[in-house]
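The values are calculated or read from the model by the stated rules, or taken from the named source; none is laboratory data. Quick caveat: nothing in here was measured; it's all calculated off a predicted structure. For neighbour counting, all protein chains shown are included, and Cβ atoms are generated from backbone atoms with ideal geometry for every residue, glycine included.
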Amino acid sequence: MHSISVQQLSKAYPTRNKEPFFAVRDLNFDIGEGEVVAFLGPNGAGKSTTIKMLSGILTPTSGEARIIGLPAGSRDANKQLGLVFGTRSQLYMHMTVYESLDLISEIYYVTGPEKKKRILHLAELFQLEKHLQARTRTLSLGERMRCELVAALIHKPRVLLADEPTIGLDVVAKNKLRELIRLWQQEEKTTLLLTSHDLSDVEALCHRCILIDHGQKQYDGSLPGLKGDLSTLRRLHITVAESEKKPLTQEIRIKLMPDSQDYVHKYEVRTSEIPMTETISRLSQHYGDTLQDLQIFEVSLEEVLSNRFTQKALR
Amino acid sequence: MRAANSFSFHLRNASFAFRESWTNLANGLVGFLLFPVFMFVLARMWQKFNGHLGNYTYKEMLAYIGVTEILFMTFLRTANINQASGDFSISLARPRSWLASQFSALYGKTLGSRLVMTIIFFPLLLLFGLGFLDSLEIVMRLLVLLIPLGILQGLYSLLFSSAHVRWEMTSYLTLPFSKLFLIFGGVFAPLSDFSESARKFLLLMPTSDLFFQPAYFCIKGIFYEMSATEWSLRILAQVVVLVTLNAVFFKNSRRYHQSFGG
């Protein structure tokens, strides 16, 4: 059985003209138990709308969504679901973190001694012990997001939907949150569907990604697969000691880039056309003692997505 | 077993909201600094314009203004409705009845704020020269009524919370509605002082059960031209109608909920 199953899911909103606006249109995908999947797309692509339909916040116009085989939005499905929204809070600002977690546990039918045990265990795991008695409003954003995560996991959900959980966090807080999500997921085998505009989140946590744009699925597969042809593309930046040193132009498989500067020569190669060892050897021969530094870059996921969305928008 | 679990949860939920409304006690107290000024000014005006009717003594006027102020200031408060539904998008995704959870939170919050105001009200009555026992009697009667009145206020507010689910913005709705209750409910001006035709009409309105009748009961010990049983039955009828309206309206709102803002 799939943890998340989406079949022909659509959400349309009425507009002033007769044509409804489809935020999501005929979306299909399945996510297996314990999978960690990134749900990517530009603003307005329909990511949050899909997450909201999966959690029962929004009612689909047509199609079907299931969580652990149960209709999305049903009481039993919601019991199996944890939700983290980077832009919405489920904690109570004027109450202490402990009081908020206590009530949220009750909402998810976690009661009695088990409730206290879980709150204390998660507080320890997420390094929140000293904040348990603090009022939520006094926490920093990073601390609050860790509390939000605890609130989402307190009932040990089998599926976690995280909508931009690291939005607004600094690098340290972001890394910490990611690490905690990763540790939890590995330990509990929770199925995770993550949306984020920060692709470092995606690269750090996910193996598979689903790409949507204009409410429709564009890609569903591995992260390297998303790069397609670009996965073999490498960029090399050569720093030279003398500005008079001419770049290498005789080798057609090593392309000189037009944005090269006097001291930094930039090249592009495809590892499918020329092995990296050969490229480095050719460049070393050409530059000799003038070669000061060599840097190799892969194409970033951000660039891949940016290319995809820009090309689509221009088409 | 499931019903008992639900009931126990909603009690906890109400108690949580109740405690939440007390976390900002200092803020609440500052907010009601003008409470005695209102009582004084409005009672003076009433005495000047309607005092000759002889239906109420000056001290009763002060107490009436105070009671209706407590009930009205905590009625359909946008902040409460928004707080209760502020994260309604998440609360819609929870395995508990949204209507029941919202209602218990609104009920707890209303009861909490009204108790804060009642605590301020008691010494004010003494300050304005009412005897200790008279003041205590008024406050005790009010405390008894706060429980059923909280249910009604909770159900009215719940309609606005459902409207929030439907339209996201409801502040423009709560203001005119609360003004209607202010006018027809006899807030600051008892319906018993109105002309006969207006009085007869306004006493039939459900608004009178929320403000005029409770305030009248607090100062006189009886309801105006009706028995306690009749008033209770009217409250019960309103509860039934409001529960039905809420169920229908929420079901409808739920379908159109858009959850803006990512």
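Points to keep in mind about this one:
- Residue in the range B:88-111 that is closer than 24 Å to residue B:212 by Cα, touching a Lys or Arg at 6+ places or on another chain (Cβ under 9 Å) and either away from chain A (no Cβ under 12 Å) or not basic (Lys, Arg) (or both) present: yes
- Pairs linking a residue in the range A:143-166 that is free of Cβ contacts under 8 Å to residues at least 60 places away in the same chain to a residue that is in a helix (DSSP H, G or I) and among the acidic types (Asp, Glu), with Cβ atoms under 9 Å and 6 or more positions apart or on different chains, are A:156/A:188.
- Hits in the range A:62-93 (condition: out of contact with any His (no Cβ under 9 Å at 6 or more places or on another chain), surrounded by 17 or more Cβ atoms within 10 Å (Cβ to Cβ) and in a loop (DSSP other than H, G, I, E, B)): A:72, A:73, A:86, A:88, A:89, A:90, A:91, A:92
- Tally, over the range A:133-154, of residues that are under 23 Å from the mean Cα position of the chain (by Cα), assigned to a helix (DSSP H, G or I) and hydroxyl-bearing (Ser, Thr, Tyr): 0
- Which listed residue is more than 14 Å from chain B (Cβ to nearest Cβ), over 26 Å from residue A:62 (Cα atoms), surrounded by fewer than 18 Cβ atoms within 10 Å (Cβ to Cβ) and not polar (S, T, N, Q), from A:143, A:179: A:179
- Top-ranked residue in the range A:280-302 [being farther than 16 Å from residue A:260 by Cβ and among the hydroxyl-bearing types (Ser, Thr, Tyr); ranked as modelled with the lowest pLDDT]: A:300
- Scope the range B:211-229; condition in contact (Cβ under 8 Å) with a residue 24 or more places away in the chain and either within 14 Å of chain A (Cβ to nearest Cβ) or surrounded by fewer than 18 Cβ atoms within 10 Å (Cβ to Cβ) (or both); matching residues: B:220, B:221
- Selection count, the range A:111-132, where residues are in a helix (DSSP H, G or I), more than 14 Å from chain B (Cβ to nearest Cβ) and of a type outside the set (Asp, Glu): 12
Here is a yes/no grid of residues against (1) under 30 Å from residue A:45 (Cβ atoms); (2) outside the structural domain of residue A:44 (by TED's automatic domain parsing); (3) touching a residue at least 40 places away in the same chain (Cβ under 8 Å); (4) of a type in the set (Ser, Thr, Tyr):
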| residue | (1), (2), (3), (4) |
| --- | --- |
| A:240 | no, yes, yes, no |
| A:248 | no, yes, no, no |
| A:253 | no, yes, no, no |
| A:262 | no, yes, no, no |
| A:279 | no, yes, yes, yes |
| A:288 | no, yes, no, no |
| A:304 | yes, yes, yes, no |
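- Candidates B:43, B:26: the one that is surrounded by fewer than 17 Cβ atoms within 10 Å (Cβ to Cβ) and modelled with pLDDT under 90 is B:26.
- If you check B:208, B:232, B:192 for being away from chain A (no Cβ under 14 Å), under 14 Å from residue B:149 (Cα atoms), of a type in the set (S, T, N, Q) and in contact (Cβ under 8 Å) with a residue 40 or more places away in the chain, only one passes: B:232.
- Subset of the range A:36-61 (residues that are of a type outside the set (Lys, Arg), surrounded by 19 or more Cβ atoms within 10 Å (Cβ to Cβ) and either part of a helix (DSSP H, G or I) or out of contact with any helix residue (DSSP H, G or I) (no Cβ under 8 Å at 6 or more places or on another chain) (or both)): A:37, A:45, A:46, A:48, A:49, A:50, A:51, A:53, A:54
- Selection over the range B:92-140 of residues that are closer than 21 Å to residue A:79 by Cβ and not in a helix (DSSP H, G or I) gives a count of 6.
- Residues in the range A:94-110 that are in a loop (DSSP other than H, G, I, E, B) and within 9 Å of chain B (Cβ to nearest Cβ): A:94, A:95, A:108, A:109.
- Test result for residue A:77, free of Cβ contacts under 8 Å to residues at least 24 places away in the same chain, of a type outside the set (S, T, N, Q) and either more than 9 Å from every other protein chain (Cβ to nearest Cβ) or within 16 Å of residue B:89 (Cβ to Cβ) (or both): no
- Residue within the range A:123-143 that is closer than 20 Å to residue A:205 by Cβ, out of contact with any Asp or Glu (no Cβ under 9 Å at 6 or more places or on another chain) and modelled with pLDDT of 90 or more present: no
- Evaluation of residue B:251 against the conditions (1) more than 14 Å from chain A (Cβ to nearest Cβ); (2) free of Cβ contacts under 8 Å to residues at least 24 places away in the same chain shows that the sole unmet condition is (1).
- Among the conditions (1) surrounded by 23 or more Cβ atoms within 10 Å (Cβ to Cβ); (2) on the phi > 0 side of the Ramachandran plot; (3) over 23 Å from the mean Cα position of the chain (by Cα), residue A:112 misses just one, which is (1).
- Residue among B:138, B:81, B:183, B:119 that is under 19 Å from the mean Cα position of the chain (by Cα), at pLDDT 90 or above and away from chain A (no Cβ under 14 Å): B:138
- Unique match (being closer than 18 Å to residue A:50 by Cα, part of a strand (DSSP E or B), touching a Ser or Thr at 6+ places or on another chain (Cβ under 7 Å) and in the same structural domain as residue A:89 (by TED's automatic domain parsing)) among A:194, A:161: A:161
- Subset of the range B:46-61 [modelled with pLDDT under 80 and under 16 Å from residue B:123 (Cα atoms)]: none
- Residue within the range A:4-14 that is free of Cβ contacts under 8 Å to residues at least 60 places away in the same chain, out of contact with any Gly (no Cβ under 8 Å at 6 or more places or on another chain) and in a loop (DSSP other than H, G, I, E, B) present: yes
- Residues (assigned to a helix (DSSP H, G or I) and surrounded by 17 or more Cβ atoms within 10 Å (Cβ to Cβ)) located in the range A:213-229: A:223, A:226, A:227
- Residues in the range A:230-269 that are exposed (fewer than 14 other Cβ atoms within 10 Å of the Cβ) and polar (S, T, N, Q) were compared, and the one that is modelled with the lowest pLDDT is A:243.
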